[in-house]
Amino acid sequence: MHYKEVAADKVQSLLTKIPHEWILTSIPSVEEQRDVDGYINRFIPERERSITEMSASQLLELQQGGKLSAYEIAFAYCHRAALIHQMTNCCTEIFFERAFQSARELDSYLATTGNLKGKLHGIPISLKDQINLPGVTTAMGWIAPHVSPELELKVARKRSTNDISLIAEILQQEGAVFYVKTTVPMAMLGNETSTNMTVTYNSLDRRMSPGGSSGGEGALLAAKGSLIGIGTDIGGSIRIPSLVHGLYGLRGTTNRFPYLDISNSYPNQLCVPSVVGPMARNIDDLILVSEAILSNGLCVRDPKCVPIKWDSGKVTDFKEKIRIGVLKSDGEVLPHPPILNNLEKLESHLLKHNDLFEVTKLKECEMPVKFSDLGNLLLSLYNCDNFEEIKEFCKLSGEPLPELFTRSFTAPNHMDNVSEFFDKAGLKLRYQRLFDDWLRDLDCFIIPSYSATCWRIGENANISNFYTRALNVLDYTVMTFPVGRVTENDVSYDQEFFNESDKKNWNYYNLDDCLGKPVNVQLVCKRYKEEECCKIVKKITELLQH
């Protein structure tokens with residue numbers, strides 16, 4: 001069967017997993033209806049809408065008090081996710097019946113014992129495609145896994161010794177309800193989420209990219225089709241979808257969260273490995289799921305996972321001032337006006353609260369290594385095998401490399417030898433030591449999440465994402481979080497450019513496209529400081545809301 005037929009069959013089969021009464025009879029064009037939320041609410045009863053507006057702690061409290069059931073929560077989220085998927089192509093797998101059964105079992109458990117099963121009892125959690133579940137396909141953006149179970153095993157499952165990823169097993173033990181897996185670009189190597197099967201749209205504005213590679217998660221979360229999502233990040237794949245959708249996304253230090261039995265491209269590339277982490281609509285839910293995962297004793301089953309249990313005290317302890325730096329630009333690509341303006345406002349807020357923060361203005365000219373050098377090291381690791389694995393898996397179905405992929409990467413006809421790979425590992429360590437020395441007198445620092453707040457689908461090449469990639473090489477704990485929205489005052493202006501990339505990025509800015517969109521920044525903490533990162537973001541969020 002031709003790969004296009006396989007792709008079309010898979011797209012259609014997903015719709016058959018949605019109850020008939022939830023199928024939209026017509027879907028407006030992108031220009032007719034840009035945002036998803038404003039359209040689908042007309043099809044959703046008020047009771048369901050109120051459920052999907054609540055935080056996880058509110059849902060837990062209502063369940064414990066007998067005022068809401070896990071089944072009602074699952075039903076509301078499945079209904080909403082079904083509608084969002086039809087407008088954004090955000091799901092790779094849909095299994096609502098399994099979710100309903102899990103919810104019924106949780107309701108029975110509560111009725112019998114009088115207790116919630118765990119920290120996430122009845123909380124719907126969406127999973128990025130590469131998180132494995134028994135009986136649910138993992139494809140990682142390729143078509144071959146949809147051709148046959150044998151090819152799925154070859155492409156996506158051959159590296160896993162278990163049918164379920166450890167992080168999914170932990171979440172399930174804590175009472176989470178799974179109902180969908182979400183879209184990724186091929187091999188999870190892209191800042192957009194497009195494949196030879198589908199294009200995923202940003203649910204805030206369907207003209208715009210959802211980011212990548214956890215783009216399906218971002219689109220689903222932003223339209224309230226998920227409360228908490230699990231993504232992965234090797235170059236910004238949690239943070240980029242989070243920033244374009246105004247979400248909270250945590251990229252923890254390598255091996256803080258368990259990665260065992262998560263499928264991945266280049267799974268044994270240990271120089272700058274992928275990490276797994278949470279995405280959420282608010283900081284409290286992100287803290288809740290982080291605690292649920294890292295307080296669970298099952299983490300020790302992952303031999304790579306560092307044995308650091310979650311310390312709730314570190315999330316609330318503000319006994320000493322936080323020494324925080326602010327870096328507004330990397331000195332190579334200046335972020336767009338809304339980002340610069342919101343960084344100015346944020347810095348002013350921090351300075352006003354000098355009882356909590358000791359603020360240092362960082363200068364890009366003093367950075368020990370350029371972010372582009374850090375980012376280019378990471379890109380060289382992406383193609384250290386000359387993309388042979390990616391080409392091999394494309395050949396299994398006959399699909400071509402997607403345009404997004406060929407546009408984003410220009411691979412030399414060269415495969416690294418062991419010595420070259422070791423040299424890159426040594427360079428990474430050198431860069432880390434230089435930055436550690438530069439930031440020695442700080443607890444954390446704030447930088448832009450990206451050089452833009454949003455971009456149209458297929459136009460990511462106009463902007464720069466070294467703001468995310470650099471931090472994967474440094475392996476710091478990082479969270480992206482919203483600090484404002486684009487307003488009419490965020491107009492462009494003339495400036496002197498650092499280089500051609502800077503000029504291209506700056507000239508791409510279009511206020512009409514960006515108006516009303518969220519503006520995120522990144523809080524960067526030292527390694528294995530996830531609790532402190534959550535604490536500081538929570539405090540900054542509270543200050544900005546008052």
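Values in this text are rule-based calculations from the coordinates and carry no lab data. Note that the structure is predicted; figures quoted are calculated from it, not measured. A quick note on method: Cβ atoms are made from the backbone with ideal geometry, for glycine too, and the neighbour counts reach across all protein chains shown.
Extending each Cα 7 Å along its Cβ direction at ASN462 and LYS395, get the distance between those two points in nm, one decimal.
Inter-label distance under the simple model: 3.8 nm.
For segment 3-313, give the magnitude of the charge dipole about the Cα centre (Cβ charges: +1 Lys/Arg, -1 Asp/Glu; no others), in debye to the nearest 20.
Details: 29 positive and 32 negative charges, 91 e Å.
Charge dipole of segment 3-313: 440 debye, to the nearest 20.
For ILE27 and ASP9, calculate 0.36 nm times their separation in residues minus their Cα-Cα distance, and state this gained length in nm to one decimal.
Here the answer is 4.5 nm.
Using the Cβ atoms and a cut-off under 13 Å, what net charge is assigned to the surroundings of SER492, where Lys and Arg are +1 and Asp and Glu are -1?
Local charge sum for SER492: -4.
How large is the charge dipole for the chain, taken about the Cα centre, if only the Cβ atoms of Lys, Arg (+1) and Asp, Glu (-1) carry charge, to the nearest 20 debye?
For this selection, approximately 680 debye.
What is the distance, in nm, between label points placed 7 Å from the Cα along the Cα-to-Cβ direction at GLU496 and at ASN417?
4.6 nm
Can you give me the span-like helices of the chain, meaning DSSP H runs with 24 Å or more of Cα extent along the axis and Kyte-Doolittle mean at or above 0.0?
Both cut-offs are met by 70-88.
Would you mind putting 232-241, 102-111 in packing order, based on average other-beta-carbon counts within 10 Å, highest first?
Ranked by mean Cβ neighbours within 10 Å, highest first: 232-241, 102-111.
State whether segment 316-544 is rounded, prolate or oblate according to the following rule on the C-alpha gyration tensor (a ≥ b ≥ c being the square roots of its eigenvalues): a/c under 1.5 gives rounded; otherwise a/b larger than b/c gives prolate, and the remaining case gives oblate.
oblate
From the residues GLN86, LEU471, GLY252, which one has its Cα farthest along the dipole of the chain in the positive direction, the dipole being from +1 and -1 charges on Cβ of Lys/Arg and Asp/Glu about the Cα centre?
Among GLN86, LEU471, GLY252, the one farthest towards the positive end of the dipole of the chain is GLY252.
Starting with the fewest neighbours, write out CYS365, CYS534 ranked by other beta-carbon atoms found within 10 Å of each beta-carbon.
Placing the least packed residue first, the sequence is CYS365, CYS534.
So what is the calculated 222 nm ellipticity per residue for the chain, using -39500 (n - 2.57) for each DSSP H run with n of 4 or more, over all residues, to the nearest 500 deg cm²/dmol?
Dividing the helical sum by the residues of the chain leaves -11500 deg cm²/dmol.
May I ask you to list the trypsin sites (Lys or Arg not before Pro) in segment 359-403 that are in a DSSP loop and have at most 14 other Cβ atoms within 10 Å of their Cβ?
LYS363
Mind sorting ILE324, ILE125 by how few other Cβ atoms lie within 10 Å of their own Cβ, fewest first?
Ranking ILE324, ILE125 by Cβ neighbours within 10 Å, fewest first, gives ILE324, ILE125.
Would you mind putting 183-193, 464-474 in packing order, based on average other-beta-carbon counts within 10 Å, highest first?
Most protected by this proxy first, the peptides run 183-193, 464-474.
Please get the size of the charge dipole for segment 316-544, origin at its Cα centre, with Cβ charges of +1 on Lys and Arg and -1 on Asp and Glu, quoted in debye to the nearest 20. Present the calculation step by step, with values, prior to reporting the outcome.
On the way: 29 positive and 38 negative charges, 101 e Å.
Around 480 debye, computed over segment 316-544.
Quick one: net charge around MET54, please, counting Lys, Arg +1 and Asp, Glu -1 for every other residue with C-beta under 12 Å from its C-beta.
-1
Just want the ordering: PHE393, PHE498, from fewest to most Cβ atoms lying within 10 Å of their own Cβ.
Details: PHE393 23, PHE498 17.
Ascending number of Cβ neighbours within 10 Å: PHE498, PHE393.
Lys and Arg at +1, Asp and Glu at -1: add these up for the other residues within a Cβ distance under 10 Å of VAL276 and post the number.
For residues surrounding VAL276, the net value is +2.
Once you have a ≥ b ≥ c as the square roots of the Cα gyration tensor eigenvalues for the chain, tell me rounded if a/c is under 1.5, and otherwise prolate or oblate according to whether a/b is larger than b/c.
rounded
Ranked from highest to lowest mean number of other Cβ atoms within 10 Å per residue, what is the order of the peptides 337-349, 73-85, 287-299?
73-85, 287-299, 337-349
When a/c is below 1.5 the answer is rounded, else prolate if a/b is larger than b/c, else oblate, so apply that to segment 173-294 with a ≥ b ≥ c taken from the square roots of the Cα gyration tensor eigenvalues. Intermediate results must be reported in sequence, preceding the final value.
On the way: a/c = 1.66, a/b = 1.10, b/c = 1.51.
Verdict is oblate for segment 173-294.
Between THR453, LEU439, HIS414, whose Cα lies farthest towards the positive end of the dipole of segment 409-488 when Lys and Arg beta carbons carry +1 and Asp and Glu beta carbons carry -1, centred on the Cα centre?
Value: THR453.
Please list, in chain and number order, the residues 5+ apart from ILE262 or on another chain whose amide H is under 5 Å from its amide H, with Hs placed from the backbone.
It is LEU166, by chain and number.
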